[in-house]
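Colleague: Handing you a structure now.
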Amino acid sequence: MTASAFILRGLRHYRSAYCGVLSGSALGSMVLLGALFAGDSVKSTLREITEQRTGRATVVLAGGENFFRARLADDFSGTAPVLQLRSQVDTPSGRSTGQVNLFGVTPEFWKFAPGNTTPPALDKRSWAINRELARTLDLSPGDTLVIRLGKPGLASRDAPLSGEPEELITLRGTVAGIRDDDAMGRFNLEATQLPAPGIFLPIETLAAAIERPDSANLLLFKESLSADEATARIRKSAQLADYGLFLMDIPLSRATEIRTDRIFIPTRIEEKLRSLLPESRPVLTYLANTIAANGKETPYSMVTGADPAAVSFLPDDLAPDQIVLNSWEADDLSARPGDAVTLRYFILGNGNQLVEESSAFRVHSIVPLEGAAADKLWMPDFPGIAEADNSADWTSGLPLDLSRIREKDETYWDDHRGTPKAFITHDAARAMWSNRWGNATSIRISSGQIPVPELERKILETLTPADAGLLIRDLAAESRSAASSPVDIAGLFLSMSFFLILAAVALTAMLFRFNVEQRNHESGLLAALGITAEKILRWRLLEGLVVVTTGSTLGALLAFAYTRGLLLFLETIWNRGDDRMFRFHAAPSSIVGGIIGFMLLMMATIWLVTRRQAKRSASLRLETGSEEVHRSGKFRGRWIASVAAAIGVVALLGSKMIGAQGAFFLAGFSFLIAGLALFRVAGASCSSPSQERLAPPLTTARLARLNIARRPARSLVVVGSLASGLFLVISVTAFQKHGGGDWQDRSSGTGGFAFWVETTTAVHRSSAKDSSADMLNLGDQREKLGDVLPFRLGTGDDASCFNLNSVARPRLLATATATLGNRGSFTIQSTAEGIAPSWQSLREGDPEVLRAFIDETTLMWVLKKKPGDRIDYTDEQGNTFPLEIAGTLAGSVFQGSFIVDEQRFLERYPSIGGYRLFLADSPGDLAETRGILQRALTDLGATVTTTSERLAAFNSVENTYISIFNVLGGLGVILGAAGLGIVTARNLSERRNEFTQLHRIGISRGIIRSMVVRETRQYIHWAIGIGLVSAMISILPALPQTGLLVTVGWIAALAVMFLLTAASCAWLAYRKSALFPATLAKAG
Amino acid sequence: MIDVRQLSKTYETPGEDIRVLDHLDLSLAAGDTAAIVGPSGCGKSTLLNLLGALDRPTSGSIQIGGQDIASFSEEQAAAFRNHSLGFIFQQQHLLPQLNVLENVLVPRLAGDWRESAAETEKRALTLLESVGLSGRLHHFPWQLSGGEKLRAAVARALINRPKLVLADEPTGSLDPASTDTVADLLLALNRDHGATLIVVTHNLAIARRMGKTFELKNSKLTGP
């Protein structure tokens, strides 16, 4: 007989008693490991998706709307050019989807796949698609699909003189194959775990379709390079075309001009070139709607602004308010030197609308229409104008009244094309016509000053890709950063499981203690036989260790299934049907660490609850048996209750400082502790003898109270578990969001807008002249909508709660914030110090800093920042600038994005053209209007959702987490109820003799039953009281954000459910006990 | 062998202190047999627990075999019980998970047993044979009668060759015929093993068969 054999005998003999300990350990271990596994799975999935998303690409040259030569890739090994555009895709069966990524690729592209893959055979009509598009449109190889995309302009379509609004291009092809996620099917530079639909076609096909042969806007590098190294390599191989520049010989002026296919030379490039070539001069040619003088006017004429010193025929003394007319124009206006001339022209106003302005000049002189003054090359190749045969055929994109064009104007066009009819100084031209794209249409340098090859070399040496809006992105670093979720899922689930684990541990320890108490005689005997108390305790703990180890291991195995369940539930957030988003992964460190951690927790708790037993003398154990012995020390329950309540009150008072969530948890927990301490105090005072007063009369109620106080530890565990579970379920349920129904309320999260409209193709401006703004070109249907507020989509990633990736820079949404202010839309929840809570504040402050508002949820959970913090963004030219978080919006549709002022935004991102997002008000029936909108905006590839739906979707994410919380809390309640049942059964079993004696001395079964019922009822009442009160107090800070009636309803329903569960468990225990009438009758 | 001087024991309870033993003296020589009688609740078991080093006196000294057991640490007290004492309880307290032979061998688990396992087991078999349980070695307690349980407990009390055997109401749950048998057994063991025997009992017939009888009344010990 050895100690280990003795322990094993004990385990075997008391196996039924240990079943409870084993089950509790298994449950606790399952929940704890499940939380860790869920975290592992999310992390692992994000890592895998990130690898699939970016493949082997380490660095990327990204041009966005700025294109470079695809052949640039030929100069580097291990690179692939990509032409990425967005389109709408339709199928002959009538299915359609927008926001589809079009990737024009070369065979090199497929070598970036994370695994080995065979390049698909693509041609003009056979394209590969990814799984997401196949799923969305139910496409299979061989199926036909139609791509519709807006043809990108040479210049930004926002710019004046950039041509007609985007022309729609249609391509028809068949599905050659479906690319798997790990075969570049998931390629996407946006940091998101959600797959975006995509089509892969030959880059030549796509480039030809948009009439930009040999163009790309992405260049992927496989080699591990720093941003500087990549920049250096690109600069070495770049040609002027990659910067959107070209040189033009201007023979009549004996000059060379640096021009851009983007019409306006970007300011940064102009500054660099002017600095490089001090002798160069800017030229700005623009379309004047009218040149008027002497009561006469000439429609639609080119006017050039140039430095008189650089133009031979212009007088040196030409002042900014003076104009030189050519002889044709002077004749047309009967103008003489000194005459007043008015120029009328379009400039860009708010909302990208064209506004006609005018400026007054005085005629300085008249030049003959000959030589350099008659040079057609003064006018750049304005799209829609340069290639027109007649003036009447112009498609300039401007709202021109072509009926004004006279016969003589057509003749002039025939003879002289866009030769300017007037000249002014460049300063005057810039004052009128400079815009965010630039101040010049060309930079002129006299021939002979520098040979053309030398000029080209110097320019290339000076410019960097960023000058042309071509940005180098360290994709490897971005991917590493994005692959980590901003929400620590393991931590989240652990915190959600906190009470359940606590309840499991407490109940398991209580069951273990039952076992130890049950064996008090054994312990006493062993002590009497000379075995030390420490050794007896060690044996007990070793028995516990065996049971806990077995239970924890079993729990670990169960955790595999439990985690899969959790992940399935979590996936409901994204509503992706049968597609599994998360892949289960359990890291060895989580398995080992989780089991060991849980076992340590369990063993420490078991040690805590049994060590006191070990301290009791052998004689006491022999005498008392399983009866619980009161501690001789004074219990400081009142003191504990007061301190805990004080902490709770402080937490509530400081909820603004430490945040509602933290305050909620701390306050709730503190009140729970205070309540339980009071429960213990009540028990102690009930059972302690009183010297001063007579004992209260012995009633069944008092007997019940005395019996509860008789075993304070187990009573505390039962009430604690029940109260904790109740507290958890009620308090977390109260945080469920029910917003969205009050969409018409402008201060709500909808801003009073009914629809959220996202388009695949950008909308640049209304075709109407006025800005009552039929931005969406709805025509007669425009009246169905109220205000329509357009937004520009800027750089950055979606940082809403739908995106599990870590987003460092949320997407920028730029709009006319004044409109939001005028409407009183949205509620500005908080602002940084010194910033007023108004939309106006986004247009104020340091111009070097871009101010932004963001939804409070995104700020708290994703960015983990506070108002006043700054985040560095990179502008179009590669310059870093700070974005200041000016304030937060309460529960808005803008979750995941920064809202910035449009004008401030355009200073940094002038090339980002058009609007792709609209918030629209609607006075009519939403369903009808939505249908109208959806149909009317088909060509734009629009997705129309109601703002209520959008808010509900965001809320559903939080509500899903809360539901998980509730399920776990519910399990805690069930565990508490089971504990109540176990304790009831245990008490009844231990008191069998007591009840039999009571029965024998004539106490009726009814009275005994009533006493037991009262005992159980007191447990439940205390638990409900403590749980309910602590939960109600702790949710006070959150109540204003939740529906009070809904919350109270929920609480009432939960309390009733709780009551029924606990009572059922106790009743079951009662039925099984010796007290059940039939059994008692038998005993009697 | 046993020399108890001015032994007192007071229990502290909430509200009041209860003095159970009040300055009592007791002397016994090696090999003596003694009975301690007295009304219920007079402190007989308390005295036995103090003599068995299961409890500590409030004041006074207990010399057993020349050692003051009242001054023992927990470890020393445990070692003393393991090497020098044998306990027999009214409820026997046989461990339900062990069979009869294993129950007798339980004291070996203390760790510093002075003889080999084989020797102890051989002696256990002899003891069980001497109490008439050689045919029940592998039975579990629930398979034994009350008398058989008590005999097993007696065998367990003697496995360590104790100098002193303390029996607390050993016949309390037995019928008169079994009581006589047990009394015969205890006296025979005293005779055969030379251990001092102290029996706490209500049973005057048992008490009379002991060499000395003490009465514990009003916290004082009187007689013989």
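Colleague: For A:THR411, indicate whether it is in contact (Cβ under 8 Å) with a residue 40 or more places away in the chain and either touching a Gly at 6+ places or on another chain (Cβ under 8 Å) or not hydrophobic (A, V, I, L, M, F, W, C) (or both).
Modeller: no
Colleague: May I ask you to verify whether B:PHE80 is at the interface with another protein chain (Cβ under 10 Å from one of its Cβ atoms), aromatic (Phe, Trp, Tyr), surrounded by 21 or more Cβ atoms within 10 Å (Cβ to Cβ) and in contact with a strand residue (DSSP E or B) (Cβ under 8 Å, 6 or more places away or on another chain)?
Modeller: Judged against the criteria, B:PHE80 is not a match.
Colleague: With surrounded by 18 or more Cβ atoms within 10 Å (Cβ to Cβ) and of a type outside the set (Phe, Trp, Tyr) as the only criterion, which of A:ALA255, A:ALA227, A:ALA241, A:ALA208 stands out?
Modeller: Among A:ALA255, A:ALA227, A:ALA241, A:ALA208, only A:ALA255 is surrounded by 18 or more Cβ atoms within 10 Å (Cβ to Cβ) and of a type outside the set (Phe, Trp, Tyr).
Colleague: Looking at (1) free of Cβ contacts under 8 Å to residues at least 24 places away in the same chain; (2) in a strand (DSSP E or B), which is the one condition that is false for A:GLY94?
Modeller: A:GLY94 satisfies all of (1) free of Cβ contacts under 8 Å to residues at least 24 places away in the same chain; (2) in a strand (DSSP E or B) except (2).
Colleague: Now for a different question. Output the number of the condition that A:ILE7 fails; it satisfies all remaining conditions of (1) modelled with pLDDT under 90; (2) closer than 30 Å to B:ALA124 by Cα; (3) among the β-branched types (Val, Ile, Thr).
Modeller: (1)
Colleague: I'm told A:PRO1077 meets every condition in (1) buried (at least 18 other Cβ atoms within 10 Å of the Cβ); (2) of a type outside the set (Asp, Glu); (3) modelled with pLDDT under 75 except one. Can you identify the failing condition by its number?
Modeller: (1)
Colleague: Additional query: So in the range B:119-134, with the set limited to residues that are without any contact (Cβ under 8 Å) to a residue 24 or more places away in the chain and assigned to a helix (DSSP H, G or I), which one is nearest to the other protein chains (Cβ to nearest Cβ)?
Modeller: Taking the candidates together, the pick is B:GLU121.
Colleague: Exactly one condition in (1) buried (at least 16 other Cβ atoms within 10 Å of the Cβ); (2) modelled with pLDDT of 90 or more is false for A:ALA561; which is it?
Modeller: (1)
Colleague: Related question: Return the pairs, sorted by first residue and then second, in which the second residue is surrounded by 19 or more Cβ atoms within 10 Å (Cβ to Cβ) and of a type in the set (Asp, Glu), the first residue lies in the range A:353-378 and is free of Cβ contacts under 8 Å to residues at least 40 places away in the same chain, the beta carbons are less than 7 Å apart, and the residues are 6+ apart or on different chains.
Modeller: none
Colleague: Here's another thing I want to ask about it. Taking the options A:PRO282, A:PRO251, name whichever one is in contact with a Ser or Thr (Cβ under 8 Å, 6 or more places away or on another chain) and farther than 30 Å from A:VAL60 by Cα.
Modeller: Just a single option satisfies the conditions, and that option is A:PRO282.
Colleague: Residue by residue through the range A:349-377, note down the ones that are at pLDDT below 90 and either of a type outside the set (A, V, I, L, M) or in contact with a helix residue (DSSP H, G or I) (Cβ under 6 Å, 6 or more places away or on another chain) (or both).
Modeller: Hits for the range A:349-377 are A:GLY349, A:ASN350, A:GLY351, A:ASN352, A:GLN353.
Colleague: Let me ask something additional. Select, from B:ARG156, B:ARG209, the only residue that is in contact with a helix residue (DSSP H, G or I) (Cβ under 6 Å, 6 or more places away or on another chain), surrounded by fewer than 20 Cβ atoms within 10 Å (Cβ to Cβ) and basic (Lys, Arg).
Modeller: B:ARG209
Colleague: Quick check: anything in the range B:101-118 over 15 Å from the mean Cα position of the chain (by Cα), free of Cβ contacts under 8 Å to residues at least 24 places away in the same chain, more than 9 Å from chain A (Cβ to nearest Cβ) and in a helix (DSSP H, G or I)?
Modeller: Yes: the range B:101-118 contains one or more residues that are over 15 Å from the mean Cα position of the chain (by Cα), free of Cβ contacts under 8 Å to residues at least 24 places away in the same chain, more than 9 Å from chain A (Cβ to nearest Cβ) and in a helix (DSSP H, G or I).
Colleague: Any residue in the range B:42-67 that's at the interface with another protein chain (Cβ under 9 Å from one of its Cβ atoms): show its pairings with residues that are surrounded by fewer than 20 Cβ atoms within 10 Å (Cβ to Cβ) and assigned to a strand (DSSP E or B) at Cβ separation under 8 Å, as long as the two are six or more apart or on different chains.
Modeller: Sorted first by the residue in the range B:42-67, then by its partner, the pairs are B:THR46/B:VAL20.
Colleague: Something else: Counting only residues that are in a helix (DSSP H, G or I), of a type in the set (Phe, Trp, Tyr) and within 14 Å of chain B (Cβ to nearest Cβ), how many does the range A:7-42 have?
Modeller: The qualifying residues number 1.
Colleague: Within the range A:133-149, restricting attention to residues that are assigned to a loop (DSSP other than H, G, I, E, B) and touching a Lys or Arg at 6+ places or on another chain (Cβ under 9 Å), which residue is surrounded by the fewest Cβ atoms within 10 Å (Cβ to Cβ)?
Modeller: A:ASP138
Colleague: Right, something else. Just give me the residues in the range A:514-550 being at pLDDT 85 or above, within 54 Å of the chain's Cα centre (by Cα) and surrounded by fewer than 23 Cβ atoms within 10 Å (Cβ to Cβ), in sequence order.
Modeller: Within the range A:514-550, A:LEU537, A:ARG538, A:TRP539, A:LEU541, A:LEU542, A:LEU545, A:VAL546, A:THR549, A:THR550 qualify.
Colleague: Could you look through the range A:596-632, keep only residues that are farther than 22 Å from B:ARG81 by Cβ and within 11 Å of chain B (Cβ to nearest Cβ), and pick out the one that is modelled with the lowest pLDDT?
Modeller: This residue is A:SER632.
Colleague: Does at least one position in the range B:17-32 carry a residue that is more than 10 Å from every other protein chain (Cβ to nearest Cβ) and basic (Lys, Arg)?
Modeller: Scanning the range B:17-32 turns up at least one residue that is more than 10 Å from every other protein chain (Cβ to nearest Cβ) and basic (Lys, Arg).
Colleague: Give the number of residues within the range A:258-302 that are under 15 Å from A:LEU455 (Cα atoms) and crowded, with 20+ Cβ neighbours inside 10 Å.
Modeller: Within the range A:258-302, residues that are under 15 Å from A:LEU455 (Cα atoms) and crowded, with 20+ Cβ neighbours inside 10 Å number 7.
Colleague: With (1) under 26 Å from A:TRP433 (Cα atoms); (2) among the charged types (D, E, K, R); (3) surrounded by 24 or more Cβ atoms within 10 Å (Cβ to Cβ) as the list, and A:ARG186 as the residue in question, which single condition is left unmet?
Modeller: With respect to (1) under 26 Å from A:TRP433 (Cα atoms); (2) among the charged types (D, E, K, R); (3) surrounded by 24 or more Cβ atoms within 10 Å (Cβ to Cβ), A:ARG186 is out only on (1).
Colleague: Could you identify the single residue in A:ALA504, A:ALA533 that is more than 19 Å from B:ARG156 (Cβ to Cβ) and within 7 Å of chain B (Cβ to nearest Cβ)?
Modeller: Result of the check over A:ALA504, A:ALA533: A:ALA533.
Colleague: Follow-up. What do you reckon, is A:PRO114 outside any strand (DSSP E or B) and closer than 24 Å to A:ALA208 by Cβ?
Modeller: No: the conditions fail for A:PRO114.
Colleague: Step by step: first the residues of the range B:68-77, then only those that are more than 13 Å from chain A (Cβ to nearest Cβ) and under 17 Å from B:MET1 (Cβ atoms), then the one that is surrounded by the most Cβ atoms within 10 Å (Cβ to Cβ). Which residue is that?
Modeller: B:ALA70
Colleague: Related question: Quick one: which residue in A:GLY185, A:GLY173, A:GLY177 is modelled with pLDDT of 90 or more, part of a loop (DSSP other than H, G, I, E, B) and assigned by TED's automatic domain parsing to the domain that holds A:PRO152?
Modeller: That would be A:GLY185, the only listed residue that is modelled with pLDDT of 90 or more, part of a loop (DSSP other than H, G, I, E, B) and assigned by TED's automatic domain parsing to the domain that holds A:PRO152.
Colleague: Checking the structure you have, find out if any residue of the range A:444-457 is in contact with a Leu (Cβ under 9 Å, 6 or more places away or on another chain), of a type in the set (D, E, K, R) and over 25 Å from A:PRO251 (Cα atoms).
Modeller: Looking through the range A:444-457, none of the residues is in contact with a Leu (Cβ under 9 Å, 6 or more places away or on another chain), of a type in the set (D, E, K, R) and over 25 Å from A:PRO251 (Cα atoms).
Colleague: At least 1 residues that are buried (at least 23 other Cβ atoms within 10 Å of the Cβ) in each: list the helices (runs of 4 or more DSSP H) lying fully within the range A:408-489 that qualify.
Modeller: Fully inside the range A:408-489 and qualifying: A:426-433, A:475-482.
The values are calculated or read from the model by the stated rules, or taken from the named source; none is laboratory data. The model shown is predicted, which means the values in this text are computed figures rather than measured ones. Here Cβ is always computed from backbone atoms with ideal geometry, including for glycine, and neighbour counts include all displayed protein chains.
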